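The values are calculated or read from the model by the stated rules, or taken from the named source; none is laboratory data. Everything numeric here is computed off the predicted structure, so don't read it as measured data. As a convention, Cβ positions derive from the backbone with ideal geometry for all residues, glycine included, and neighbour counts pool all protein chains shown.
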């Protein structure tokens, strides 16, 4: 109850003529906030008691609008409402259609929504024109690297800081982890995400914004030399991995390292509701089996490896960064949850909606979201180590996971996976091309050339200007005036 009291302090409706009204009238009396939530998550039922309390405190009324979040998010298909919770992977459609209001400056303050508390890498992807926040992240997970700490230490080896070192451990694991496999999420539904996670540090040069599309023309860059090189490494590396990795989900990978069958794994620590998975409950159910941890094993968790060299688009060549710095980059927003207030709502309703959003995402978030529905998105989240991991990890392992996320999302080298309107179509085309390469139907260069051709046709259909502006917004740039 203290949370609600704090939220409504100073938010009363001005009425200089009536001291009695000042004492009795609630700040948003009579405002009706329509809350749009994805269907099938049971939020409208779970949240009713909490929202009834909020309504009694503020005077605002509410109603739920449930919608199907997995439909194509083209113009005209986004739900109505005043406050919306939506898959973070669909942010581009909301932003492109100007559906989300800019967060008022007073709400960005530390005592309100505390925008500067959001980790820097996420802040850069959740804005309009690079500066104005338009959405609040609830969940935006990142891949992490799991490894058998005990086996590496026994062999006198270190965790991999680069993908080159990672691949060396994979190919020579008979020397340090005999009989154990490697688990990576190359399942068809995760293939695009895993490819970008693997390629990020090789293609995301610190001096360039665009790595998937040209920021001036919208031309696809997916067939560039950097991506080709990475895909060649991936295809060659399949010979040193169990064939089953082509069907592994992130949860399969986590399970494999915990049950002692894998020495290295790439996966997600956060598991949970169907909204976290961009393909719905069917895939979530496939990955919902319980994890069983093997006895007497030690796990290490770190951010994904980086690259000792990065492809420079301007030079059309590979480059070693100054002081031989390892290049790191992180892909996120491939699944998760964001929330925002509708631009079309009137001023009083917007104020009430921002107030409710503050309660949902900060002081009262535990009353709204179950464990697994939220991920680390804020600096303040880093202090609550136990909230973000499975109970099958030790205290040290939980702390390592939190540090891995901190490292991943504190960097400005963060990008969203295919952050475009109609992004699902681009994503599917990439998955098809990757499959052709992984199954050796086409060479990596041929496969990515085919993806680029398909993307070029999609750009024509969506509109080059729409693609360019949508992509520019995702990397923090303003629209081009012509």
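Within region 419-460, count every residue that is part of a loop (DSSP other than H, G, I, E, B) and in contact with a strand residue (DSSP E or B) (Cβ under 9 Å, 6 or more places away or on another chain).
Within region 419-460, residues that are part of a loop (DSSP other than H, G, I, E, B) and in contact with a strand residue (DSSP E or B) (Cβ under 9 Å, 6 or more places away or on another chain) number 1.
May I ask you to list the residues in region 153-168 that are within 30 Å of the chain's Cα centre (by Cα) and surrounded by 14 or more Cβ atoms within 10 Å (Cβ to Cβ)? First the steps, then the outcome.
Taking region 153-168 first, the residues within 30 Å of the chain's Cα centre (by Cα) are 158-168.
Of everything in region 153-168, those that are within 30 Å of the chain's Cα centre (by Cα) and surrounded by 14 or more Cβ atoms within 10 Å (Cβ to Cβ) turn out to be 159, 160, 161, 162, 163, 164, 165, 166, 167.
Looking only at region 228-243, which residues are assigned to a helix (DSSP H, G or I) and touching a strand residue (DSSP E or B) at 6+ places or on another chain (Cβ under 8 Å)?
The initial filter retains those residues of region 228-243 that are assigned to a helix (DSSP H, G or I), namely 228-240, 243.
Within region 228-243, 229, 240 qualify.
Of the numbered conditions (1) touching a residue at least 60 places away in the same chain (Cβ under 8 Å); (2) farther than 30 Å from residue 60 by Cβ, residue 317 fails exactly one; give the number of that condition.
Here residue 317 meets the rest and fails (1).
May I ask you to list the residues in region 338-373 that are touching a helix residue (DSSP H, G or I) at 6+ places or on another chain (Cβ under 8 Å), at pLDDT 90 or above and under 30 Å from residue 212 (Cα atoms)?
338, 339, 340, 341, 342
With the structure loaded, tell me whether residue 429 is surrounded by 18 or more Cβ atoms within 10 Å (Cβ to Cβ) and under 14 Å from the mean Cα position of the chain (by Cα) or whether it fails that test. First the steps, then the outcome.
Working: surrounded by 18 or more Cβ atoms within 10 Å (Cβ to Cβ): yes; under 14 Å from the mean Cα position of the chain (by Cα): no.
Answer is no for this residue.
Just to be sure, is residue 419 more than 22 Å from residue 143 (Cβ to Cβ) and outside the structural domain of residue 97 (by TED's automatic domain parsing)? It would help to see each step written out before you state the result.
On the way: more than 22 Å from residue 143 (Cβ to Cβ): no; outside the structural domain of residue 97 (by TED's automatic domain parsing): yes.
In short, no.
Go through region 126-137 and report how many residues are in a strand (DSSP E or B) and buried (at least 24 other Cβ atoms within 10 Å of the Cβ).
Residues that pass the stated criteria total 2.
Sort out which residues of region 368-389 are part of a loop (DSSP other than H, G, I, E, B), crowded, with 19+ Cβ neighbours inside 10 Å and out of contact with any strand residue (DSSP E or B) (no Cβ under 7 Å at 6 or more places or on another chain), and write them in order of number.
So in region 368-389, the residues part of a loop (DSSP other than H, G, I, E, B) come out as 369-377, 379, 384, 389.
Retained after the next criterion (residues that are crowded, with 19+ Cβ neighbours inside 10 Å): 369, 373-377, 389.
Correct list: 376, 389.
Determine whether residue 410 is touching a helix residue (DSSP H, G or I) at 6+ places or on another chain (Cβ under 7 Å), surrounded by fewer than 18 Cβ atoms within 10 Å (Cβ to Cβ) and in the same structural domain as residue 207 (by TED's automatic domain parsing).
yes
Out of 85, 122, which single residue is touching a strand residue (DSSP E or B) at 6+ places or on another chain (Cβ under 6 Å), crowded, with 22+ Cβ neighbours inside 10 Å and in a helix (DSSP H, G or I)? It would help to see each step written out before you state the result.
Details: 85 fails: in a helix (DSSP H, G or I).
After ruling out the rest, the residue left standing is 122.
Would you mind stating whether residue 398 is outside the structural domain of residue 370 (by TED's automatic domain parsing) and closer than 30 Å to residue 219 by Cα?
In short, no.
Under 23 Å from residue 162 (Cα atoms), assigned by TED's automatic domain parsing to the domain that holds residue 328 and buried (at least 17 other Cβ atoms within 10 Å of the Cβ): is that true of residue 185 in this structure? Reasoning before the result, please.
Numbers: under 23 Å from residue 162 (Cα atoms): yes; assigned by TED's automatic domain parsing to the domain that holds residue 328: yes; buried (at least 17 other Cβ atoms within 10 Å of the Cβ): yes.
So residue 185 fits the description; yes.
Being outside the structural domain of residue 411 (by TED's automatic domain parsing) and out of contact with any strand residue (DSSP E or B) (no Cβ under 9 Å at 6 or more places or on another chain) narrows it down to one residue among 108, 77, 90; which is it?
Residue meeting the stated conditions: 77.
I want to confirm something. Restricting to region 229-242 and keeping residues that are buried (at least 19 other Cβ atoms within 10 Å of the Cβ) and in contact with a helix residue (DSSP H, G or I) (Cβ under 6 Å, 6 or more places away or on another chain), which single residue is nearest to residue 306 (Cα to Cα)?
Checking each candidate, the answer is 230.
From the list 436, 449, exactly one residue is surrounded by fewer than 21 Cβ atoms within 10 Å (Cβ to Cβ), in contact (Cβ under 8 Å) with a residue 24 or more places away in the chain and more than 22 Å from residue 125 (Cα to Cα). Which is it?
Result: 449 is the single residue among 436, 449 that is surrounded by fewer than 21 Cβ atoms within 10 Å (Cβ to Cβ), in contact (Cβ under 8 Å) with a residue 24 or more places away in the chain and more than 22 Å from residue 125 (Cα to Cα).
Just to be sure I understand, how many residues within region 201-227 are in a helix (DSSP H, G or I) and over 17 Å from residue 306 (Cα atoms)?
1
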